[in-house]
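Reading through the structure tokens given below for one structure.
The values are calculated or read from the model by the stated rules, or taken from the named source; none is laboratory data. Model, not experiment: these values are computed from the prediction. Please note: Cβ atoms are built from the backbone with ideal geometry, for glycine as well, and neighbour counts cover all protein chains shown.
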Amino acid sequence: MAQTEFSMKNLPDENGYFGEYGGSYIPPQLQLIMNEITEAYTKLKDDPAFIEELSYLRKHYIGRPSPVYYAKSLTELVGGAKIYLKREDLNHTGAHKINHCVAEALLAKKMGKKKIIAETGAGQHGVALATAAALVGLECDIYMGEVDIKKEHPNVSRMKVLGARVIPVSRGTKTLKDAVDAAFEAYLADPDTQLYAIGSAVGPHPFPMMIRDFQSVVGYEAREQFQALEGALPDALVACVGGGSNAIGLFTAFLNDEDIAIYGVEPAGKSFKEGEHAATLTLGKPGVLHGFSSYLLQNDAGEPLPVYSIASGLDYPGVGPQHSYLKDLNRVTYVTANDVEAVEAFYQLSRIEGIIPAMESAHAVAYAVKLAKEMGPGKTILINLSGRGDKDIDYILENYPLAE
Ligand SMILES: *Cc1c(COP(=O)(O)O)cnc(C)c1O
């Protein structure tokens, strides 16, 4: 295979840049903290004891490797390329987020921290982090807007059962953005005993790099598994893109294989009108948000625009900086699926394969089904099925009831 500039070893540069994207746009006090994390991570990632402990937990706690499954019935129904699923929905806690949360908790522990903190919107990151904190033996504070706490009761209960403190945020709109601000303030007030654990491949350096590295196990496993099943690599990869962690986790192992077409699927929501989608790479422009540079949905003053998706995990006005770089290089093609297409795919996969996908993952399935028809028989597609849909079933049944 041709070695290209996509080689993961070259990205990002020492200041955290993927081309012009990434970096760290933060106050000096926070920069010192990020430097400390970068230093600790750089040492630990090559430390045999850390590698062994993480491998052990991946296998015996998370349940890795997750299977690669040939969706035969879906393939036959669609009548095109063969569709395969990387089953991240089968991980402990039901999604890919546990991959980076366990690693971040382990990192915090090795750095001598007592507590791991984060914000959460719908609660998925909060639950995965609370789980990892319980496992590793750390305290865990999760900042969550009061509006979200009311909406996401089951996840709030899960976090409490797992021993995390859920700290209500009552300022501003009482949602995710205010929770981010509150968590950052708490972190700045005491960076010595706590580690802030970001929930996707976003934020200032070194987080986009670290989260990418922790998630890349998905793609490296899938590469071997797919080769064993098909005797070749897939012709195309498809993953949904919120902040971009599950997508970069799958893509990384294949970026140097230039014959493989790679697609990131963003949520087109209700329409492409402002506030009705979260298609950041498709409709955004470069800018700075939450301490890093990337494509953003923003107004002329550079403030983030309101975003929407039926899948709360995709509902973010920014995107991981490496995706912005891969877009500009034309190495990855960023496309969209809307709410209705995602709901259709949600029911389709449930009914024909007995797999209820997360609404986030359903966006990837929706696009892959279209792509399979275009590519035709004889070709293969590998989808990252980032999570399971138990969290979505009540909402979908109520709002998109199926005709019997
Ligand atoms: C959070 C979440 C996503 C979106 O996050 P990325 O960082 O873009 O992967 C996708 N799928 C599931 C199941 C999630 O919980």
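Data overview
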{"item": "Subset of region 372-390 (residues that are closer than 20 Å to G242 by Cβ and in contact with a strand residue (DSSP E or B) (Cβ under 9 Å, 6 or more places away or on another chain))", "result": "L382, I383, N384, L385, S386, G387, R388, G389"}
{"item": "Lone qualifier among E230, E266 - being acidic (D, E), within 15 Å of the ligand (Cβ to nearest atom) and at negative phi", "result": "E266"}
{"item": "In region 312-324, residue farthest from the ligand (Cβ to nearest atom) [restricted to those that are in contact with a strand residue (DSSP E or B) (Cβ under 6 Å, 6 or more places away or on another chain) and outside any helix (DSSP H, G or I)]", "result": "P317"}
{"item": "Some residue of region 382-404 being away from the ligand (no atom under 14 Å from the Cβ), within 23 Å of Q225 (Cα to Cα) and charged (D, E, K, R)", "result": "no"}
{"item": "Test set (1) among the aromatic types (F, W, Y); (2) within 25 Å of A232 (Cα to Cα); (3) away from the ligand (no atom under 16 Å from the Cβ) - Y367 fails condition number", "result": "(3)"}
{"item": "The one condition in (1) surrounded by fewer than 16 Cβ atoms within 10 Å (Cβ to Cβ); (2) within 24 Å of S216 (Cβ to Cβ) that G79 fails to fulfil", "result": "(2)"}
{"item": "Members of region 14-32 found to be surrounded by fewer than 20 Cβ atoms within 10 Å (Cβ to Cβ) and in contact with an Asp or Glu (Cβ under 9 Å, 6 or more places away or on another chain), listed by number", "result": "G19, E20"}
{"item": "Of the criteria (1) closer than 22 Å to A189 by Cα; (2) at pLDDT below 95, which one L11 fails", "result": "(1)"}
{"item": "Answer residue from region 271-309, given it is within 16 Å of the ligand (Cβ to nearest atom) and at pLDDT below 95 and is nearest to D394 (Cα to Cα) among those", "result": "S309"}
{"item": "Top-ranked residue of region 347-364 - restricted to ones that are free of Cβ contacts under 8 Å to residues at least 60 places away in the same chain and either more than 12 Å from the ligand (Cβ to nearest atom) or not hydrophobic (A, V, I, L, M, F, W, C) (or both), ranked as surrounded by the fewest Cβ atoms within 10 Å (Cβ to Cβ)", "result": "G354"}
{"item": "Contacts under 7 angstrom Cβ, first residue in region 156-174 being β-branched (V, I, T), partner surrounded by fewer than 14 Cβ atoms within 10 Å (Cβ to Cβ), 6 or more apart", "result": "V166/K160"}
{"item": "Residue within region 92-102 that is at pLDDT below 95 and buried (at least 22 other Cβ atoms within 10 Å of the Cβ) present", "result": "no"}
{"item": "Conditions (1) surrounded by fewer than 18 Cβ atoms within 10 Å (Cβ to Cβ); (2) in contact with an Asp or Glu (Cβ under 6 Å, 6 or more places away or on another chain); (3) at pLDDT below 95; number of the one not met by K379", "result": "(3)"}
{"item": "Subset of region 319-340 [of a type in the set (S, T, Y) and either closer than 17 Å to Q215 by Cβ or surrounded by 24 or more Cβ atoms within 10 Å (Cβ to Cβ) (or both)]", "result": "S324, Y325"}
{"item": "Spans of helices (runs of 4 or more DSSP H) in region 1-103 with at least 2 residues in the same structural domain as V136 (by TED's automatic domain parsing), more than 16 Å from the ligand (Cβ to nearest atom) and polar (S, T, N, Q)", "result": "28-44"}
{"item": "Any pair with Cβ under 6 angstrom, 6 or more apart, that starts in region 313-336 at a residue that is touching a residue at least 60 places away in the same chain (Cβ under 8 Å) and assigned by TED's automatic domain parsing to the domain that holds G264 and ends at one that is of a type in the set (K, R) and within 9 Å of the ligand (Cβ to nearest atom)", "result": "none"}
{"item": "Members of region 43-76 found to be of a type outside the set (V, I, T), touching a strand residue (DSSP E or B) at 6+ places or on another chain (Cβ under 9 Å) and surrounded by 19 or more Cβ atoms within 10 Å (Cβ to Cβ), listed by number", "result": "S66, A71, L74"}
